[in-house]
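Okay, structure first, notes after.
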Amino acid sequence: MQLASPAFQQGSEIPSYYTRDGEDVSPELSWKDAPSQTKSFVLVMHDPDAPMLGGFTHWVLYNVPAEAGHLKENIPTEERISGTGLQGKNDAGKIGYVGPAPPSGIHRYFFRLFAIDKMLDLAPGATHKQVSAAVKGHILAQAELMGTYEKKSERAA
């Protein structure tokens with residue numbers, strides 16, 4: 001399975017448009033070659049370089065339909081996205097995507113897509129930890145896209 005974005009390439013810098021320095025919207029993503037037994041997809045965006053134990057999860061999206069192969073740019077920050085799936089809480093305690101905003105240095109942001117063999121029995125707003133527990137033993141395949149970002153400006157308080 002392969003995961004890609006027209007916004008950035010594997011290992012390259014995520015454009016500031018998709019970060020807290022810019023418009024803070026989710027990038028477009030697409031994937032292919034999922035196993036035929038896939039019932040749904042889970043997407044998690046995580047920064048392992050964040051200065052907190054376990055890093056910082058920026059986005060949790062689950063119960064993405066098996067027939068999907070694409071997420072449009074700027075997914076609304078709502079619990080349920082018709083035709084797209086359910087969104088969980090990021091580590092800022094909010095529903096949906098929150099873009100990169102590293103306090104210092106270059107951070108890595110991993111977009112991980114999991115093809116799973118069932119729909120998750122979770123309400124909207126589940127945490128990364130809850131989603132990770134629910135997919136255990138159900139992952140058929142996974143793909144990863146990593147982008148980097150270094151803060152460009154000091155945001156006004």
Glu79: among the charged types (D, E, K, R) and in contact with a strand residue (DSSP E or B) (Cβ under 9 Å, 6 or more places away or on another chain), yes or no? yes
Got a sec? Which of Gly88, Gly96, Gly83 is within 23 Å of Glu28 (Cβ to Cβ) and at pLDDT below 95? Gly83
Here are some residues: Glu144, Glu150. Which one is in contact with an Asp or Glu (Cβ under 9 Å, 6 or more places away or on another chain) and either within 16 Å of Asp47 (Cβ to Cβ) or hydroxyl-bearing (Ser, Thr, Tyr) (or both)? Glu150
Can you list residue pairs whose Cβ atoms sit under 6 Å apart, with the first residue in the range 1-12 being touching a residue at least 60 places away in the same chain (Cβ under 8 Å) and the second being among the aromatic types (Phe, Trp, Tyr)? Count only pairs 6 or more apart in sequence or on different chains. Leu3/Trp31
For Leu43, all conditions in the list (1) farther than 15 Å from Met1 by Cβ; (2) crowded, with 20+ Cβ neighbours inside 10 Å hold save one; what is the number of the exception? (1)
Per-region count, the range 76-110, residues out of contact with any helix residue (DSSP H, G or I) (no Cβ under 7 Å at 6 or more places or on another chain) and more than 12 Å from Ala50 (Cβ to Cβ): 19
What are the residues in the range 11-32 that are of a type outside the set (Gly, Ala, Ser) and in contact with a strand residue (DSSP E or B) (Cβ under 6 Å, 6 or more places away or on another chain), if any? Glu13, Ile14, Thr19, Leu29, Trp31, Lys32
Is there any pair with a first residue in the range 13-32 that is part of a strand (DSSP E or B) and a second that is surrounded by fewer than 17 Cβ atoms within 10 Å (Cβ to Cβ) and of a type in the set (A, V, I, L, M, F, W, C) whose Cβ atoms are under 6 Å apart and which are 6 or more apart or on different chains, and what are they? Ser30/Ala4
Of everything in the range 1-39, what is more than 15 Å from the chain's Cα centre (by Cα) and under 18 Å from Asp117 (Cβ atoms)? Give them in sequence order. Met1, Asp33, Ala34, Pro35, Ser36, Gln37, Thr38, Lys39
Counting only strands (runs of 3 or more DSSP E) entirely within the range 63-157, those with at least 1 residues that are surrounded by fewer than 15 Cβ atoms within 10 Å (Cβ to Cβ) and either of a type in the set (Phe, Trp, Tyr) or in contact (Cβ under 8 Å) with a residue 40 or more places away in the chain (or both) are 106-116, 139-150
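The values are calculated or read from the model by the stated rules, or taken from the named source; none is laboratory data. All values reported here derive from a predicted model rather than from experimental measurement. Ideal geometry is used to build each Cβ from the backbone, glycine not excepted, and the neighbour counts take in all protein chains shown.
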